[in-house]
Amino acid sequence: MTHSVPDVLESLLGPGRVVADPAVIEARRHDYWMVSHVRDLAGTPAPRPAAVVRPTSVAEVQKIMRWASEAGVTLLPFGL
């Protein structure tokens with residue numbers, strides 16, 4: 001059985017640490033580089049992330065990075 005990215009991340013971190021709500025993902029889809037907005041306007045938007053993850057420790061970041069590397073999942077760090 002194949003599990004979704006948010007499901008796997010939640011199994012690694014526990015409930016409440018992984019957000020898959022489309023509104024939250026949309027709000028975090030762009031960084032402060034204007035090119036991502038220009039690409040949207042041109043009709044060639046970047047892919048939407050599968051989830052927003054909120055680790056609270058270095059160990060959790062390491063756990064996420066190890067899993068992503070093994071699974072071939074691309075990560076985009078975005079801190080607020």
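The values are calculated or read from the model by the stated rules, or taken from the named source; none is laboratory data. Predicted model, so just to flag it, every value in this text is computed and none were measured. Ideal geometry is used to build each Cβ from the backbone, glycine not excepted, and the neighbour counts take in all protein chains shown. Surface accessibility is based on the protein's heavy atoms, side chains included, excluding ligands, DNA and RNA. Shrake-Rupley method; radii C 1.70, N 1.55, O 1.52, S 1.80 Å.
What tally of residues in region 1-38 results from selecting those that are more than 18 Å from R66 (Cα to Cα) and among the hydrophobic types (A, V, I, L, M, F, W, C)?
First pass over region 1-38, keeping only residues more than 18 Å from R66 (Cα to Cα): 1-2, 15-16, 19-38.
Keeping just the survivors that are among the hydrophobic types (A, V, I, L, M, F, W, C) gives 1, 19-20, 23-25, 27, 33-35, 38.
Qualifying residue count for the region: 11.
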* Could you tell me whether any residue of region 7-30 is at negative phi, open to solvent by 70 Å² or more (accessible area, probe 1.4 Å) and touching a Lys or Arg at 6+ places or on another chain (Cβ under 6 Å)? => no
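One line per residue, one yes/no per condition, for (1) at pLDDT below 90; (2) open to solvent by 100 Å² or more (accessible area, probe 1.4 Å); (3) in contact with an Asp or Glu (Cβ under 7 Å, 6 or more places away or on another chain):
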| residue | (1), (2), (3) |
| --- | --- |
| V35 | yes, no, no |
| A42 | no, no, no |
| R48 | yes, yes, no |
| R54 | no, yes, no |
| V61 | no, no, no |
| I64 | no, no, no |
| E70 | no, yes, no |
| L76 | yes, yes, no |
* Asked: Out of region 1-54, which residues are closer than 17 Å to P77 by Cα and small (G, A, S)?
  -> A20, A27, S36, A46, A50, A51
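Tell me which helices (runs of 4 or more DSSP H) are completely within the chain and hold 1 or more residues being touching a residue at least 40 places away in the same chain (Cβ under 8 Å) and aromatic (F, W, Y), or say none if there are none. Lay out the reasoning, then the answer.
Details: elements: 5-13, 22-27, 35-41, 58-71.
Because the criterion is at least 1 residues that are touching a residue at least 40 places away in the same chain (Cβ under 8 Å) and aromatic (F, W, Y), the helices (runs of 4 or more DSSP H) in the chain that meet it are 58-71.
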